[in-house]
Amino acid sequence: MTHEAWGKVCETLAKRIGKNNFTSWIEPLRWAGLRDGVARFEVPTTFFGDWVSRNYSDHILGLLNAEGHAAGRAEFFVPLNAPAAAPASEKPSRPTAAKPARARNDEELPGATLDARFTFDSFVVGKPNELAHAAARRVAEGGPVTFNPLFLYGGVGLGKTHLMHAIAHELQSRQPHLRVLYLSAEQFMYRFVQALRDKQIMDFKELFRSVDVLMVDDVQFIAGKDSTQEEFFHTFNALIDQNKQIVISADRAPGEIKDLEDRIKSRLQSGLVVDLHPTDYELRLGILQQKAEFYRQQYKGLAISTGVLEFLAHRITTNVRVLEGALTRLFAFASLVGREITLELAQDCLADILRASDRKLTIEEIQRKVAEHYNIRLSDMIGPKRLRNIARPRQVAMYFAKQLTSRSLPEIGRRFGGRDHTTIMHGVRKIEELMTTDSQLSDDLQLLRRQLQA
Ligand code: ADP
Ligand code: MG
């Protein structure tokens, strides 16, 4: 491959990761050729190489391959005749960190930095986030506005910020003329307060009203902050009136955000509201597999078995950030101590995370939730009544007690008013049987499971 070909890759790369990132991290690379599927680059320091490798090698490899150059791995090396490499502690400054992400050819958008890793490519789609992903994709096409605003909500670490950054990246590369502004609600407030203080409120208004796409992350932050809410409301309306796309995220549904004005709530609900559900086992496994593939390249050849990934997907159910952190630590640890990644190593090295993620769900909680759902009394869960409308919910609770806790059948029996373990087994089987034919029941189970695991 020639220098020209690399130049072409650079052009696309600049668009994709933004000018700032490009100048800081890609421009200093010296193309050193592609051989046997390995793309090689000279870098000024080891730290620099590590950083680029960690953050950009996926992009680089992807683009090389897209241009028809088969590259499976990127290698970054400090040339022998280079001046002594700076020690790792002298990190090259990261000018991008503090600088705003902005649409190209725009000098003023006071946005937040976009994380180059948060792209659609790196977002794993599963049942729990399918709808949110599809909606985000639609917005990212930049076509005619179909739903406005798009409101994404869900618990911590479920991918809201990832999806918003992905929309911004995609828009910047597909529609570079669009002015895309992404920022957190906190930054919005900060800018607003600053504008008030500096008596530049007209500039502030003008700026926010001149964007084509506005994305505000974690909007629950402005709850209870009256003047910021007021300003947000006006900005929001002005953009909607101009048919400009707005994307909002929050940790809960619009109606559930306390201390948010009703008119804002109803405005937020007027477009498409989609929630990201807690991850399920398959999604967690998918995410782990993707990250593991990435780390396999980083830590040349360090392998992780499917068994270990399944173990992690099973045990770490809280949020994706924790899951990622676990995998990162596991690879780093294994490579440091020069050991293979086994189940024992995982248990050792992740003991604290595993302990914290242990299901703390109790049988009593399950009984309470299920009783609530079916509108029966908690005492009926343990009582002797055999009426169908009581017995069935009781069996549902038995089923979840078996599925979601590590209690044995006799232990579960004791907590259901001293019932025999065979009664519990019968109840669990009954529900397993019915759920395949009774769609109402299967809906109930799904809803309850989600609530219990939230
Ligand atoms: P939120 O904003 O909802 O709190 P983030 O978007 O910050 O969550 O996600 C937390 C971490 O988990 C990020 O590193 C993100 O890349 C990762 N993540 C979340 N969901 C997914 C997914 N579906 N596929 C890949 N990575 C994901
Ligand atoms: Mg977030």
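Here, each number is a calculation from the coordinates, and none is a lab measurement. Values in this document were obtained by computation on a predicted structure and should not be read as measured data. Positions of Cβ are backbone-derived with ideal geometry, glycine not excepted, and every protein chain shown enters the neighbour counts.
Filter the trypsin sites (Lys or Arg not before Pro) in region 283-335 to those in DSSP coil with at most 12 other Cβ atoms within 10 Å of their Cβ, and list the result.
On the way: sites: 284, 291, 296, 300, 315, 321, 329; in loops: 300.
Passing both the DSSP loop test and the Cβ count: 300.
Expressed as a rounded percentage, what relative contact order does region 127-275 have, with Cα pairs under 8 Å and six or more residues apart?
Details: 217 pairs, mean separation 54.2, N = 149.
Worked out over region 127-275, it gives 36 percent.
How high is the FRET efficiency from residue 190 to residue 3, r the C-beta distance, R0 41 Å, rounded to 0.05?
On the way: r = 44 Å, r/R0 = 1.07.
Efficiency, from the Cβ-Cβ distance: 0.40.
What do you get for the angle between helix 421-434 and the principal long axis of the chain? Use alpha-carbon atoms, 0 to 90 degrees, nearest ten.
It works out to around 60 degrees.
Contour minus end-to-end for residue 65 and residue 177, with contour as 0.36 nm per residue of separation and end-to-end as the Cα-Cα distance? Could you put the intermediate results ahead of the total?
Values: separation 112, 0.36 × 112 = 40.32 nm, distance 2.68 nm.
Separation in residues times 0.36 nm, less the Cα-Cα distance, equals 37.6 nm.
Can you list the residues, at least 5 places off or on another chain, whose amide H is less than 5 Å from the amide H of residue 73, using H built in the peptide plane?
Residues meeting the criterion, in which the H sits 1.01 Å from N, are 39.
Pop a pseudo-label 7 angstrom from the Cα along the beta-carbon direction at both residue 263 and residue 223 and give the gap in nm to one decimal.
The answer from the label model is 2.1 nm.
For region 281-357, take the convex hull of the Cα atoms, compute a quarter of its surface area, and give me that in nm², please.
Numbers: hull surface 17.2 nm².
The number I arrive at for region 281-357 is 4.3 nm².
Could you derive backbone 3J(HN,Hα) for region 381-395 from the dihedral phi with the Karplus parameters 6.51, -1.76 and 1.60 (θ = phi - 60°), listing whole Hz in sequence and x where the residue is Gly or Pro?
5, 9, x, x, 4, 10, 4, 3, 5, 10, 5, 5, x, 4, 5
Go ahead and run the numbers for FRET between residue 368 and residue 55, Cβ-Cβ distance against an R0 of 51 Å, rounding to 0.05. Don't skip to the end; give the middle numbers.
On the way: r = 46 Å, r/R0 = 0.91.
Plugging the Cβ-Cβ distance into 1/(1 + (r/R0)^6) gives 0.65.
Exposure proxy check: 219, 274, 211, 156 ranked by fewest other beta carbons within 10 Å?
Values: 219 26, 274 20, 211 23, 156 11.
Going from sparsest to densest Cβ surroundings: 156, 274, 211, 219.
Please order 31, 25 by the number of other Cβ within 10 Å, starting at the fewest.
Details: 31 17, 25 21.
Listed from fewest to most nearby Cβ atoms, that is 31, 25.
Give me the Debye-computed log₁₀ of I(q)/I(0) at q = 0.08, 0.10, 0.12, 0.14 Å⁻¹ for the chain, equal point scatterers on Cα only, no solvent, two decimals.
Here log10 of I(q) over I(0) equals -0.61, -0.90, -1.15, -1.33.
Determine the relative contact order of region 206-320: mean sequence separation of Cα pairs under 8 Å and six or more apart, normalised by residue count, in whole percent.
Values: 83 pairs, mean separation 27.0, N = 115.
It comes to 24 percent, rounded to a whole number.
Note the angle between two axes, namely the Cα long axis of helix 46-66 and the longest principal axis of the Cα atoms of the chain, as a number of degrees from 0 to 90, rounded to the nearest 10.
That works out to roughly 80 degrees.
Residues with amide H under 5 Å of residue 113's amide H, sequence separation 5 or more or different chain, H placed in the peptide plane at 1.01 Å from N; which?
Distant-sequence amide H within range of residue 113: 101.
Can you compute the FRET efficiency between residue 432 and residue 238 using 1/(1 + (r/R0)^6), with r the Cβ-Cβ distance and R0 = 51 Å? Round to the nearest 0.05. Don't skip to the answer; put the middle values down first.
On the way: r = 55 Å, r/R0 = 1.07.
So, using R0 = 51 Å, E works out to roughly 0.40.
Using a 7 Å offset from the Cα along the Cα-to-Cβ direction at both residue 299 and residue 40, what is the distance between the two label points in nm, to one decimal?
For the pair residue 299/residue 40, the computed spacing is 2.6 nm.
Specify the angular offset, from 0 to 90 degrees and rounded to the nearest 10, of the alpha carbon long axis of helix 160-174 from the longest principal axis of the alpha carbons in the chain.
Once rounded, the angle reads 40 degrees.
If each residue of separation counts as 0.36 nm, what is the full-extension length gain between residue 333 and residue 75 once their alpha-carbon separation is subtracted?
Answer, rounded to one decimal: 90.7 nm.
Once phi is turned into θ = phi - 60°, what whole-Hz ³J(HN,Hα) does the Karplus curve with 6.51, -1.76 and 1.60 give for every residue of region 26-36, x standing for Gly and Pro?
The phi angles translate into 9, 4, x, 6, 10, 4, 10, x, 10, 9, 6 Hz.
May I ask you to sort 376, 167 by Cβ crowding, counting other Cβ atoms within 10 Å and putting the fewest first? Present the calculation step by step, with values, prior to reporting the outcome.
On the way: 376 19, 167 28.
Listing 376, 167 from fewest to most nearby Cβ atoms yields 376, 167.
Under a crude label model (7 Å from the Cα following the beta-carbon direction), how far is residue 127 from residue 252 in nanometres?
Reported label-point gap for residue 127 and residue 252 is 2.6 nm.
Calculate, in nm to one decimal, what residue 146 and residue 407 gain on full extension: separation in residues at 0.36 nm each, minus their alpha carbon distance.
So the extension gain works out to 89.0 nm.
Going by average Cβ density within 10 Å per residue, which order do the peptides 187-194, 251-258 take, highest to lowest?
187-194, 251-258
With +1 on the Cβ of every Lys and Arg and -1 on the Cβ of every Asp and Glu, and nothing else charged, how large is the dipole of region 377-454 about its Cα centre, in debye rounded to the nearest 20? Each step should come with its number before you reach the end.
Numbers: 15 positive and 8 negative charges, 61 e Å.
That gives region 377-454 a dipole magnitude of about 300 debye.
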